Structures are given as structure tokens and as C-alpha cells.
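To keep things clear, I will list the structure first and then write my remarks on it.
The values are calculated or read from the model by the stated rules, or taken from the named source; none is laboratory data. As the structure is a computational prediction, the values presented were derived from the model and not from experiment. When we count neighbours, we look across all protein chains shown, and the Cβ atoms used for this are built from the backbone with ideal geometry, even at glycine. Note: accessible area is taken over every heavy atom of the protein model, side chains too, but ligands, DNA and RNA are not part of it. Shrake-Rupley method; radii C 1.70, N 1.55, O 1.52, S 1.80 Å.
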Amino acid sequence: MAAIRTTCAYCGVGCGIAAEVSGGDDRGVVITGDRAHPANRGRLCSKGTHLGETVGLEGRLLAPMIGEREASWDETLDLVAGRMRECIAEHGPDSVALYLSGQLLTEDYYAANKLAKGFVGTGNVDTNSRLCMASAVAAYNRAFGEDVVPCSYEDLDAVDLVLLVGSNTAWCHPVVWQRLEKTRERRGTKIVVIDPRRTETAEQADLHVAVAPDGDIALFNALLAEMRRRGLVDEEYLAAHVEEDAGFWDSLTHQPGIPDNTFAKLCDLVARHPRMITLFSQGANQSVCGTDKGNAITNFHLATGRINRIGAGPFSITGQPNAMGGREVGGLANMLACHLGFSEEERADVAAFWNASNICAGPGLKAVELFRAVHEGKIKFLWIMATNPAVSLPDSGFVREALSRCPTVVVSDIIADTDTGRFAHVRLPAHGWGEKDGTVTNSERRISRQRALFPAPGETRADWKIVADVAARMGWGDGFAWNSAADVFREYAQMTALAKARGKVLDLTAHAAISASEYEALEPFQWGGERPLSRGYPTASGKARLVSVLPHAPVASAEFPLRLNTARYRDQWHTMTRTGLSPTLSQHRPEPLLEIHPADAEALGLVDGSLGRVETESGAAVYRVLVSDGQRRGEICVPMHWSDTMAGQGRSNRLRSQAVDPVSGQPGFKNGAARVGPVSPDWRAFVVRGDVIAPEGLLYWTRSRVKAGWLYELAGEGQIDLAALLPDGERLEVADMVRGMRRIAVRGQDGSLIAAAYLTRSGKLPDRNWVAGQLGLGEASAAELLAGRPSTPLPDRGAIVCVCHGVGELDIADAAGNGAATVAEVGACTRAGTNCGSCRPAIAKLLETFATLEKEAAE
Ligand SMILES: Nc1nc2c(c(=O)[nH]1)N[C@H]1C(S)=C(S)[C@@H](COP(=O)(O)OP(=O)(O)OC[C@H]3O[C@@H](n4cnc5c(=O)[nH]c(N)nc54)[C@H](O)[C@@H]3O)O[C@H]1N2
Ligand SMILES: Nc1nc2c(c(=O)[nH]1)N[C@H]1C(S)=C(S)[C@@H](COP(=O)(O)OP(=O)(O)OC[C@H]3O[C@@H](n4cnc5c(=O)[nH]c(N)nc54)[C@H](O)[C@@H]3O)O[C@H]1N2
Ligand code: SF4
Ligand SMILES: [Mo]
């Protein structure tokens, strides 16, 4: 069967996929990388490779829901349009808000933005990109006059020095990382990681600069001052192409904030390599000074002329698959559409183009403000699409209060039970990745098609179509009379003529007459070309700008002495509504970890593998402790991923405050004040069963996906009714009151294991992997099930490193013991790292650890 060429569902690298659908109702699909796609040339990371495990219908929202009742589309759309109409009539257009997502297609985004800004007449349409790259957008706007990423992936093939600022590239943009590794092999490219944590990316770098949280502005200012001292400022470029804020050069007086020898090494690398890219991500953007960080970076590149040349430039890498598409079509509340602002003429042009009855007067509220307005009762109708703000917005306790107060909450999602969906009055079933049809734009401004692989299940509809259906019921059908995604795309491409006429770079007018069949066959293409700013800057003067930026120092707090960072895991995506369903991806980090320096852990009485509670002014959360010298002293890190549907206490945005960057409105997710203490449960247990439960009254629980069901980790105080956590069936049981041990296995009529629970008050629990592997099988004896291990012990493979081939740490240790010294040699013996390659940095790190241990043993 011919493969369908589409684009990955996950990150902003925007990898092309060739999908071979195996047919039938089981939605089987074989996923491989599309060799013809310029973003990845056939490569895929672990998340892309295992997309097939998350396209099933498990947990899907398949019909419109009014409360807990399934309803017809007709009834539901009437209700949504009716509530919206009442709201506008009684409280005005600004009582309505839409909250969108970089996981919508450009066509969806375009439709939603048009509805709000053109017809409802409110600017209150914002997106989760506010949490993601709003600061980079603001910095680009200040420096270049337009939101234009000046680099391309091709530059990564020709670069000599890469500074990765606040980017765990090996985990979050793995295919870009693999591309950099290839360039390094070919040209000896140097890689510097600027990140307070020693991440797997930092482990593989030539230099790791463990900057203090938010120390980036001081560092870049000092770096630029030093380059000026060395005569490396490009005076010619500055004179021809750049304006500067008054006093700009005098403002660069800061200490770099890192050890002298590290700074010296950094300066030497930077001085020697003019082909330099600064790739920046959330460690830069998600900060209360994120816009200034972005400009510290653009300043450096402008001043040294390291921009608009092959292998050089300040490269903000996008997170979500279509974060960039949203930026194009007005997903952000402070832009209209097609990079236009809210001036009288721009509004008039847009109103004329849309034939819009009620063009909005000006910018709307940005995400955090927007939810504050919901909380205050100013917004009474909120429509959330393709995002899970009850988990992902900061201060999520407050966000939940806001949602529960809002008279109408509409949620368009693909999953039935999400944390946000629990607050919805109406839930609308959308097409998921395997059914969607449209376009996305990746980090390098490349537009690619997402193509449907399966027929749409149940009553699901395209997100743009749902918007158009509501608009029609509002009486605005003429503006939304599209029959296909191609129709929407064509209208958007035509609309970019408004941007073009104003000298903007965004210009898709070459596609203004695209036919349905041309759209079907559309090949990936980049707007703006490879170096879009090389023809001049889209400002009034045609010049870019050096913006004076000053370091920002967080206020120390005696009550909350630690700095709290939040980050991502290699194999989980955001709030886990999709990757959390994959048994393969769930092996890498099945529980949310509190990473803490050994000295801090000791001082606080925390040991590796125990539980720790983090508290801030906003709330508290509980994690499994991971003692790690990759953390700086006084700083801790927790993951952003766990929601209330996946864990009892692991939702990290309970901890985050509403503090935002004053220019971009982006929250400071990476740096807050916290304290930590041990949690000492009376008992610990784990349960495996086929279905989902939500235990109550515990100190801690989490669930993670295993092949035939779920593995639950539990801990609590006092008594626990273990049997109550298990389904009915034939029960086998042992207990040892003295040791505080209890074990129960439940078998079905056919003798297969349907659930099991293992509890201890002081001892060890059996091997989860073996027990979870028995779910649904009838092979193990009663004695084996109660022992929690097979009578002939299997070799212990240690924690799984390579999820594609199921290779564990101890397998790799064996290979190393047998002489494998490189990642490639380990791959040749064990197959680890030979498929998607996402685990290669982890293998490299293990090899280094083994080598050090061996050296120490020899000494
Ligand atoms: N596996 C996986 N990949 C993803 C995603 C996912 O959920 N999972 N999400 C996608 C999305 S939407 C996004 S936005 C990207 C995010 O991609 P990244 O930005 O790479 O991811 P994060 O782990 O959020 O943060 C990156 C690093 O910033 C560091 N940092 C914290 N504070 C500072 C600071 O003050 N200065 C500096 N220099 N660094 C700091 C953190 O320690 C962390 O290691 O990933 C995308 N890719
Ligand atoms: N503490 C902390 N918080 C963070 C971050 C951090 O680093 N630290 N990072 C922030 C960043 S950068 C981001 S991007 C956000 C991400 O945060 P969210 O956007 O809230 O996370 P997702 O889990 O991706 O939510 C997507 C939702 O849309 C649904 N969905 C998937 N596909 C579709 C579709 O095609 N149509 C519809 N209608 N629904 C769909 C999914 O089931 C899911 O419920 O989190 C932010 N929050
Ligand atoms: S790097 Fe991985 S997650 Fe990102 S687009 Fe490529 S395959 Fe998908
Ligand atoms: Mo993001």
C-alpha cells in the first residue's frame, strides 16, 4: 500500500512522516520518517516513531457532550451559539473569549481567529503559545519589526558554533539534535549548552555553562562587551543595517555571573567562530524577563553581524507542531492576522477582506490576564480548543477556580476525560492527528501538510469545521462557507496580500489560487525563504534595532529558599493525554521526579527514591525524589507533565505563580521560590489492573501505561483497604502482619491475571516490570504471582534505556564489559540506539560513567 505523507503530531521540528495504514477497524499503522521531507530527511525521534501507539480510540471523545449527556451536533451547536449570542447581547463582545493552541492546524486557527476578531468583535482570543514563545515573538518584533525567524535548518548543517540557551534539545527537539550531531561529526562544530541543569544535552556539549536562573541577560551583555573589547563588533554591518537605543553600549556593564575560566572559554569559542547560531527555547522564553533575554541574544547577533549569513543567527525554536502557524494567522491576542496590528488602516483592511460585521477595536487579553478576567466574572463564555489549561497554565488552582465560576465553558478536545474537560459544560469531539487534514508551520517557517490516515471516528469533526458550524448558527455563515481545509488555506494565502502590501515578509500570495488537487499534493515549502531578513528589515527605516536590556534579579525569600525550575521529559508530551497512552513511551520516566542536588537532599532528609513535597506560595505537590548532581545547589526541578487524571499530587502548576513578562505576557515557568520537605508514608504499594481508577485520600499516587493496562504507585498513612482497589475475580492472597506485607492477585474465569496489588510497610516491593507483564496472561502460577517473580529468575536488565528495542542499563553494562566503547559499538551488540536514536545521549552518558568507575577502580 502506498504510504501517506504527513507531519508528526508533536514538536515544532515538524518532521515528515510516511504512514502505511494496515487497513481494517484496528487503525493499525506503520510509521516511518519521510526521507523526502527537508525537516528530518527520514529521521524520527522516540515520540514520532511510536505515534502508532496513540492513534487508537482508547479514551477518545467521540460524540458531543452536554454535561455528562451525549447529544446531537444540532442540539449542541444550537446551545453553544445560543449561549454566545446571549452573552454578547447582555454583556458585550468582550465577555466572550477563545483560548487556542499550537496543536491546532493553521486552518483551525484561522477560522477561530476570524470568528472572534472579525465577527464576535473581541480581541480576546489567545493561545497556549503565550506560555511558549510569546517572548521570542516580542523580541523579534522589537529587533526586526516583524515576527520572523531569521534562520533555517540548513544553517544547522553549516554552523561552527551553536549556543543552546535554555534548550534541552536532545529531549525536546531530538531530530534537530541529531542533525547537529551530524554537523559536528562532519565539521567539528562546537556545542555550548547554557542551562542551570546539566541535562543530557549538556552532557554531550563541548561546554556546559551552568548559568544561574535568569542569568542569561547578564551573560550575553558581558559576552557582547568582551567581543567589543576584542574588536569583533561588525561596525560596517551596524552602520548599514542597525539602529540602537540611546546609551546602548554604555548599558553593557555587567559581570557575566559565571566562573571566570568558563567565561574565558566561552569568549574564546565565540571569538573564533563567526558562523554561530544561538538556538533558544523555554529557558529563555519562560521567564519574567524572557523578552529581554531574547533581545540580549538578537543584540549579540546584530552587533557581530552574525545574522542573515549561512550558518549564523538567533534561532528561536518553536515547541508545538503549529506554534508558528498560529503566529501567522493571529492566534495571539496582540496581533490581528497575517502579522497585522490594530491601527485604523490595518483594521479597516482586515474588515474589508473578511467582509466582517464587527471587527474588534484592539488587542485582547493575554492568557494569564484572560483567565484572571474569567475569575473576576468579566468573561462569561470561554471556548477552549486543543489545550489543557487546568494543567498547563501557572497557578492552576486559581485557573480551576476561574473555570468553575465561568457560566459557559466549551472544550473542543479529542480525549473524553481531561482535567480541563471536567470543568466543561459542553465538550466538542474533534478530529485527532490521524484524522486531521490541513497545514502546520514548523520552526523554520516551513509549511507542511498533515493528511488524514483514517476515517473520522464517531461524530468527530475538524476543529475549523466546528468553528464554521457555530459561526453559521450565529448568522455569519457567509464568512465561513468553506467546504474543505483547502478553501480555508486559500483564503489565508490570499489574505497575506495585506501583509505583503505593507512590506512584511509573511507572503503566501503565490498560493492564493491553489486548487483542491494542488493543496492535496502540496509539498513542504518555507515562507520567507532560507534567510528572510537578508533583503532588509521590515521596519520603517529598514533597519534592525539594538535594544538595551538589563539583568533581572529574583528576590530572595527566607521562607522559600530554593529556586524551582520546571521542565520536560524525553518521551512525554505536555499533559500526557496522548503519550501517556503509550506503554513504550511510558517506560522512560514512569513517575514525576523531584531532581535535587545531593547536598540539598541530605540537608533536607531526602533520599533517592523517597517522596518529597514541594511548597510555594501558590500550592504544594509531591514527587519521587531523584538525587542528582546535575542540579545546582539551591535549585530543584520538577516535570510539567502530570495532571490530576494521571497522579494525585504531581501537577506542577499548583506551584507556579501568575508572574509574567511585562512585554510578552509569558509566564515565568522556570524560576520561582520554593521549599521542600520529606514525605514519610506508613506504607507503599503498587497495583496493576486493566482499567483506570482514581484513588483518594493518599499521600501520593501516579499511574503509568503498561502493555495490558496501568501500573499504579501508591503511598499513604494509616490503614489502607488494598482489596478495595481491585476488581472482582478469583483472589489469591498472602499477608505477613509482622512485616506489614500484603499481596493480592486477582484472576479471571479463564485464569488470566486481571489485577494485582503489593503492599509493604517497611520492606521491598517486587519487580513491577515482571508483574505488569503478567497482566492479561495466564502463565504464572499462584505462587509466582504472590512472590511477584518467576520461579526461574529472569536476568535483571536494569532500567530500560532504549525503548524501541527494550534494552536496559545492565545490558549496556554487559556490552561495555565486553569491550563496547562507543554508542555505535553498544548498538552493534545490543541494538540499543539503532532505531530512533533518542536514547543515544543516555547511552553515551552511561559509557562515560562506566569508564569513570573503571578508572577509579584501577587507581
Ligand atoms: N519530549 C518532549 N518534547 C517536546 C515537548 C514535550 O512536552 N516533550 N514540548 C514541545 C514544546 S511545546 C516546547 S515549548 C519545547 C520546549 O523545549 P525546551 O525549551 O528544550 O524544554 P524545557 O525542558 O521546558 O526547558 C529547557 C531548559 O531550560 C532550562 N532553564 C531553566 N531556567 C533557565 C534559565 O534561566 N536560563 C537558561 N539558559 N536555561 C534555563 C531548564 O533547566 C531546561 O533544561 O519542547 C517541545 N518538544
Ligand atoms: N510548569 C510549566 N508549565 C508549562 C510549561 C512548562 O515548561 N512548565 N510549558 C508551557 C508550554 S511551552 C506549552 S506549549 C503548554 C502546553 O500545554 P497544553 O497545551 O495544555 O498541553 P497538551 O497536553 O498538549 O494539551 C493539548 C490538549 O488538546 C487535545 N488535543 C490534541 N490534539 C487535538 C486536536 O487536534 N484538536 C483538539 N480540539 N484537541 C486536541 C489533547 O487531548 C489535550 O487535551 O504548557 C505550558 N505549561
Ligand atoms: S523531533 Fe520527534 S516529536 Fe519532533 S517532529 Fe520530529 S519525530 Fe515528531
Ligand atoms: Mo510549548
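When you take every Cα atom in the chain, what is the radius of gyration, and what is Dmax, the widest Cα pair distance, in Å?
Considering the chain through its Cα atoms, Rg and Dmax are 26.9, 82 Å.
Whole-Hz Karplus ³J(HN,Hα) for segment 450-467, in order, using 6.51 cos²θ - 1.76 cosθ + 1.60 and θ = phi - 60°, x for Gly and Pro?
9, 10, 5, 9, 10, x, 5, x, x, 9, 4, 9, 5, 4, 5, 5, 4, 4
Using amide H atoms built in the peptide plane, which far-off residues or other-chain residues are under 5 Å from Q526 H to H?
Those lying under 5 Å, H to H, from Q526 are I447.
Looking only at segment 562-679, where both bridge partners belong to it, what percent of the DSSP beta bridges are antiparallel (to the nearest 5)?
Antiparallel: roughly 65 percent of the beta bridges in segment 562-679.
Given the peptides 608-617, 258-267, arrange them by the average over their residues of other C-beta atoms within 10 Å, most packed first.
608-617, 258-267
Using packing as a proxy for protection, rank 696-706, 5-15, 715-725 so that the peptide with the highest average count of other Cβ atoms within 10 Å comes first.
Averaged packing, sorted descending, gives the order 5-15, 696-706, 715-725.
For the cross-link pairs K764/K855; K190/K845; K436/K670; K293/K378; K293/K543; K504/K543, which exceed 23 Å when the distance is taken from alpha carbon to alpha carbon?
Beyond 23 Å between Cα atoms: K764/K855; K436/K670; K293/K378.
What's the local net charge at S762, with K and R +1, D and E -1, over the other residues with C-beta under 10 Å away?
+3
What accessible area per residue, rounded to a whole number of Å², is obtained for segment 562-679 using a probe radius of 1.4 Å?
On the way: 3510 Å² over 118 residues.
That works out to 30 Å² per residue.
Residue by residue, what Karplus-based ³J(HN,Hα) values in Hz, rounded to whole numbers, does segment 625-642 have, using 6.51, -1.76 and 1.60 with θ = phi - 60° and x for Gly and Pro?
Working through the residues one at a time gives 7, 10, 6, 8, 7, x, 8, 6, 4, x, 10, 10, 9, 10, x, 8, 7, 6 Hz.
Could you rank the peptides 639-645, 99-105 by their average count of other C-beta atoms within 10 Å per residue, with the highest value first?
99-105, 639-645
Ignoring everything but the protein chains, give the 1.4 Å probe accessible area of H173 in square angstrom, nearest 10.
10
What number, rounded to the nearest 500 deg cm²/dmol, is the helix-based mean residue ellipticity at 222 nm of the chain, given -39500 (n - 2.57) per DSSP H run of at least four residues and division by all its residues?
-8000 deg cm²/dmol
Rolling a 1.4 angstrom probe over the protein heavy atoms, how many square angstrom per residue are accessible across segment 263-349?
20
In Å, the Kirkwood hydrodynamic radius of segment 738-859 over pairs of distinct alpha carbons?
Values: mean 1/r = 0.0596 Å⁻¹.
One decimal place: 16.8 Å for the Kirkwood radius.
Using θ = phi - 60° and the Karplus relation 6.51 cos²θ - 1.76 cosθ + 1.60, list the HN-Hα couplings for segment 197-208 in order, rounded to whole Hz, with x at every Gly or Pro.
Per residue, the Karplus-derived 3J(HN,Hα) values read 9, 8, 7, 4, 5, 5, 4, 8, 7, 6, 8, 10 Hz.
Counting DSSP beta bridges in the chain, what percent are antiparallel, to the nearest 5?
60
Rolling a 1.4 angstrom probe over the protein heavy atoms, how many square angstrom per residue are accessible across segment 730-859?
54
With a cap of 11 neighbouring Cβ atoms within 10 Å, and only residues DSSP puts in a loop, list the GluC sites (Glu not before Pro) found in segment 284-378.
E376
Would you be so kind as to identify which of A111, C87, C132 lies farthest towards the positive end of the dipole of the chain, taking Lys and Arg as +1 and Asp and Glu as -1 on Cβ and the Cα centre as origin?
Final value for the positive-end residue is C132.
Once amide H atoms are built 1.01 Å from N in the peptide plane, which residues 5 or more positions from L546, or in another chain, come under 5 Å H to H?
Residues meeting the amide H criterion: E243, E244, D245.
Taking all protein chains in place and a 1.4 Å probe, what share, in percent, of the accessible surface of the chain do carbon and sulfur account for?
It is 50 percent, rounded to a whole number.
Ignoring solvent entirely, what values of log10 I(q)/I(0) come out of the Debye formula for segment 354-460 at 0.10, 0.16, 0.22 Å⁻¹ when each Cα is a single scatterer?
The Debye formula, applied to the Cα set alone, gives -0.39, -0.91, -1.12.
Rounded to whole Å and ordered largest first, report the semi-axes of the equivalent ellipsoid of segment 667-721 derived from its Cα gyration tensor (root of 5λ).
26, 19, 9
Return the long-range amide H neighbours of I384 (sequence gap of 5 or more, or a different chain), with a cut-off of under 5 Å between placed amide H atoms.
Y99, V410, V411, S412
In whole percent, what relative contact order does the chain give with Cα contacts below 8 Å and a gap of six or more residues?
15
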